[in-house]
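The structure under discussion appears below in the form of structure tokens.
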Ligand SMILES: *Cc1c(COP(=O)(O)O)cnc(C)c1O
């Protein structure tokens, strides 16, 4: 097979152009997959997911030793097959709801390797997680700590917890995903003294076993310095806790947030290099502070799955408004990818056949009755694009399926996984009957 020269639209190594300019994803024709399974269609490259898990695990073990862990933040994409892959790869997971706990347990995921997050765990959530044996709770605030202590006492157990600390770092990223600042719905702040207070409180409660601390400052970060700053603040806090109340921290989770490449101008993050740089820095910082480095964990979500998937759409109406814009409408939209509508997220959208024609800039829009239903503006697509053509939105593995909705009673697309041997349905296409399954 003759491959045409790699264009800058080929933003991940699992993408290439085959004969006739046909788009190949992990070696498979996207057009053939679209024909076989219909569109819109989420296609995941299983090998890419596994490769990312291994890259993190190897780097984290090398940098921080064998006790360190990598927790996949499963809100990025949560379905049974993915939890099975995480189990097979030896990953831990983050869960944030009963639904995620249930899905993981249905994949036989060992829940003692799960961290239960959320800034508002209900009593029901807390019971459910205790009964299912979730290993650690990441506790957001003092009120929640009291609630967990009271509930866990009914079970005659102790619950291991990490406390979510707000280090006060603004990662200079989208405001909507910046969570490390003091004014945040997440965590207890160091600056206000609440972090120290909740630490003392945790140590005083009979049914709580304090393992350590957690922080997560933002998402889609490319700058290593954010992690160095964050870990520096956290290690100083840990040293302060030791001096002030004599508590030795056993575990520190430094969150996720590693950036991925949505468009050619963004870099591809070198996982190994980044993790090892953080490890070097933290070892030095810990020895300066005269403390041992606790057990370290990371929680990447997006960077495990984002570039392991694309979404294939079929083009419908193409509308040219003279003197204004040209629109390409597709058979999906904000229901399967709300990220542009939510925060103007950039994407690369490309034709599944590229015959080298001249292009024109289009707004690629969805099919919902909502003018904000836009996938991307100014997308270069062939001038001849028309009804029935297949286009692909790249880097769509994270926060797409997991954020999908049924707005306008539109069924959600299926998830097809591909690996070296086969392609298979991991999540089937929702039907219109499914949409009424809850109506009584
Ligand atoms: C969302 C989230 C993550 C994962 O963030 P990514 O940007 O997807 O890597 C990790 N930890 C916590 C607490 C989160 O809320």
ask   = Any idea which of 129, 147 is at pLDDT 95 or above and either within 24 Å of residue 80 (Cα to Cα) or touching a strand residue (DSSP E or B) at 6+ places or on another chain (Cβ under 7 Å) (or both)?
value = 129
inquiry  = Suppose the filter is buried (at least 18 other Cβ atoms within 10 Å of the Cβ), within 16 Å of the ligand (Cβ to nearest atom) and within 25 Å of residue 411 (Cα to Cα); does residue 69 pass it?
reply    = no
request  = Could you check how many residues of the range 76-90 are away from the ligand (no atom under 13 Å from the Cβ) and under 19 Å from residue 54 (Cβ atoms)?
outcome  = 10
task = Having 2 or more residues that are without any contact (Cβ under 8 Å) to a residue 60 or more places away in the chain and over 30 Å from residue 311 (Cα atoms) is the bar; report the strands (runs of 3 or more DSSP E) wholly within the range 65-174 that clear it.
result = 159-166
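Okay, residues lined up against (1) away from the ligand (no atom under 15 Å from the Cβ); (2) under 22 Å from residue 138 (Cα atoms); (3) at pLDDT 95 or above; (4) assigned to a strand (DSSP E or B):
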residue	(1), (2), (3), (4)
213	no, yes, yes, yes
218	no, yes, no, no
260	no, no, yes, no
274	no, no, yes, no
task = Kindly list, by first and then second residue, each pair from a residue in the range 29-53 that is under 25 Å from residue 410 (Cα atoms) to a residue that is modelled with pLDDT under 95 and surrounded by fewer than 17 Cβ atoms within 10 Å (Cβ to Cβ), limited to pairs with Cβ atoms under 9 Å and residues at least 6 apart or on different chains.
result = none
note = Conditions (1) part of a loop (DSSP other than H, G, I, E, B); (2) away from the ligand (no atom under 16 Å from the Cβ) -> residue 61 fails only (1)
inquiry  = Yes or no: the range 167-186 includes at least one residue that is away from the ligand (no atom under 12 Å from the Cβ) and at pLDDT 95 or above.
reply    = no
ask   = Is there any pair with a first residue in the range 407-422 that is at positive phi and a second that is assigned to a helix (DSSP H, G or I) whose Cβ atoms are under 6 Å apart and which are 6 or more apart or on different chains, and what are they?
value = 409/435
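The values are calculated or read from the model by the stated rules, or taken from the named source; none is laboratory data. Just so it is clear, the structure is predicted and the values come from calculations on it, not from any experiment. Positions of Cβ are generated from backbone atoms using ideal geometry, with glycine treated the same way; all protein chains shown enter the neighbour counts.
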